[in-house]
Each structure stands twice: as C-alpha cells, then as structure tokens.
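Here the structure is laid out as structure tokens; the discussion comes afterwards.
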Amino acid sequence: MYKKNVLKLKRAILSFKKELNTDPYHFAYMGDKYECPVCNTKLAYFTPIGNDFFEAFDKFEYNYPLAHSETFNFLHYHCPKCYSGDRERMYALYFKKKFSNIDKSKKLDFVDFAPSSGLEKYYLRKLDFLNYRTADLFMEGVDDKIDLTDMKEYKDNMFDIFLCSHVLEHVSDDRKAMKELYRILKPGGWGIAMVPINYVMEEVFEDPNITTPADRWKYFGQDDHVRFYSKKGFIKRLQEAGFKVNQYGIDYFGADVFEKCGIHKRSVLYIVEKL
C-alpha cells in the first residue's frame, strides 16, 4: 500500500511539473471555486475583460448601460488557462449536453465561423466524431475563406451543425447571411447563432450613416460593428430566414452551473434548427 501511494504521489508531481512547463502561470490561478468547461481546468478565478474595453466605452460615451447586455459577464470574462470567454464556456456546456446523447460512430459535418481559438483548440478539434472546419473572410489560419453573405464554396444542405458567434453584427447584410446559414444547413441540422443583444431595446438599431469608429463605439459597442440587436429583432430575422429558434438560459443549465462556470445569470443561448 505504501509503495502504491508513493507511486501515485510521484505521478501527481510529474503531472504538475508537466503542467507548469506548458503553462508557468498555472499555480497562480489554480483553485476549486470555478471550472472552465472548455479546457476542464479548475480555477480560483476568471479574469475580467481588458481595461481598453472600458476605456473605449468611456472615451466614446457608449450609449447603453452594461447591465442591459444579455450575455456578457465582463467581470468574469476570460478563462486564464485557455482564454475562452463566458459565451464560449456556455457553448461548451451545451455541446457536452447535446453530444452525450448522439451516435458517435456517425461523423457530423461542423463549420465554425470566426472560430474562438480556445474553444477550437481545447474542445472542438478533439472531438473525433466531427468533421470540423473553420471559416472566415479575414482571419488567418482558417480552413476556408468565406463571405458569410455569399458562401458559394458550400453546397446546399452541407453541414449538420454550425457555430456563428458574434459575426452577424459585423456583416452589412445580415439577413442575406442568415439565409445563407439556413441554405448550407442540412434538414434536421442545428446551429448556434449569437450576437451582442441589448435586451431592453425593442428593435434592431442600425444606421448606414454611422461609419466612424467613435460613433460605432458609441452606438454599436465596437468600432467594427454595424448594428445593435434587440432580442425581439434578432429572433425575428432568424425566423424570417427559415429557422426555428430555441432559447436556453439559466433554467436549462442551472444556476449552480452558471455560477461555477462564470456565466452571467442573464445569459441566453440561441439554438436554431432547420426543420
């Protein structure tokens, strides 16, 4: 028994040394208060969003209270290990629930638009039942250079699943992009569609005359955004494209899970289906 315990201790020490070699900051954030579902790391804390974000909001007089943001935990934003944001952690939670009940002997075609590096590296590319592809018009290192409003490289009914997270607010014609997302999805397929949402607003706010970085920060919350979505407006546009829209929030995931994973109680996941 003594030898077995010594062997276990040695293995634990070797594992810890290996972790320190790959991530020398591990000791600083290790703990058990939180857990990142993307990289499965137990944590003492999540880090807040960078000060440059708040400085820009102050400098350009951002037009809305942050408390009106639906899915945005700016105080517990990044995982210090994989740097995944709060929304990516919510996606990982949903994927784990969804994928636990599927036949993993069948490959699923999955496309990830403007991929998050942490979610891609630490989770999605490790799933051997996915034919996983990444796509974007401007990002380097993606599998496909794709214009979301004209995805001629992709056939009709090509993918089982897509992830389109915080892309549509950058696109000049988001209705056309939504129709393209619907076109490339197989019947019975589903996707995650997410944008910044102000849940107090009644309608989507967009104005083609708002073009300067300062004004876009003020009215849209970022210098490369071209609109700000209301909850009702976002759902309406997705439905007009043909999607069935499902919403999953704290009642679905559980308050304790949201707290453990650093996800704000106002967070909502939008799952779209092609029936």
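The values are calculated or read from the model by the stated rules, or taken from the named source; none is laboratory data. Here the structure is a predicted model, which is why all the values come from computation and not from measurement. Cβ: placed from backbone, ideal geometry, glycine included. Neighbour counts: every protein chain shown. SASA here: full protein model, heavy atoms, side chains in, ligands and nucleic acids out. Shrake-Rupley method; radii C 1.70, N 1.55, O 1.52, S 1.80 Å.
Values computed for the structure shown
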| quantity | calculated |
| --- | --- |
| Residues within segment 50-74 that are aliphatic (A, V, I, L, M) and at pLDDT 95 or above, tallied | 1 |
| Failed item, numbered, when Leu124 is tested on (1) under 20 Å from His170 (Cβ atoms); (2) touching a strand residue (DSSP E or B) at 6+ places or on another chain (Cβ under 7 Å) | (1) |
| Conditions (1) farther than 24 Å from Arg266 by Cα; (2) surrounded by fewer than 21 Cβ atoms within 10 Å (Cβ to Cβ); (3) at pLDDT 95 or above: number failed by Ile102 | (3) |
| Output for segment 182-212, where each listed residue is within 20 Å of Ala114 (Cβ to Cβ), open to solvent by 30 Å² or more (accessible area, probe 1.4 Å) and free of Cβ contacts under 8 Å to residues at least 60 places away in the same chain | Arg183, Glu206 |
| Test: residue in segment 259-267 that is over 17 Å from Leu93 (Cα atoms) and part of a helix (DSSP H, G or I) | no |
| Enumeration of residues in segment 213-230 that are under 18 Å from Asp86 (Cβ atoms) and open to solvent by 40 Å² or more (accessible area, probe 1.4 Å) | Gln222 |
| Residues of segment 27-81 satisfying the condition of being touching a Phe, Trp or Tyr at 6+ places or on another chain (Cβ under 8 Å), β-branched (Val, Ile, Thr) and open to solvent by 20 Å² or more (accessible area, probe 1.4 Å) | Thr47, Ile49 |
| Test: residue in segment 236-244 that is free of Cβ contacts under 8 Å to residues at least 12 places away in the same chain and not hydrophobic (A, V, I, L, M, F, W, C) | yes |
| So Arg133, is it closer than 28 Å to Asn246 by Cβ, of a type in the set (Lys, Arg), out of contact with any Gly (no Cβ under 6 Å at 6 or more places or on another chain) and surrounded by 18 or more Cβ atoms within 10 Å (Cβ to Cβ) | yes |
| Spans of strands (runs of 3 or more DSSP E) in segment 94-181 with at least 2 residues without any contact (Cβ under 8 Å) to a residue 40 or more places away in the chain | 130-136 |
| Identity of the residue in segment 203-242, touching a Gly at 6+ places or on another chain (Cβ under 8 Å) and in a loop (DSSP other than H, G, I, E, B), that ends up farthest from Lys176 (Cα to Cα) | Glu203 |
| Answer residue from segment 105-125, given it is open to solvent by 70 Å² or more (accessible area, probe 1.4 Å) and more than 17 Å from the chain's Cα centre (by Cα) and is nearest to Leu181 (Cα to Cα) among those | Lys107 |
| Filter result (open to solvent by 50 Å² or more (accessible area, probe 1.4 Å) and under 29 Å from Phe57 (Cα atoms)) within segment 232-246 | Lys232, Lys236 |
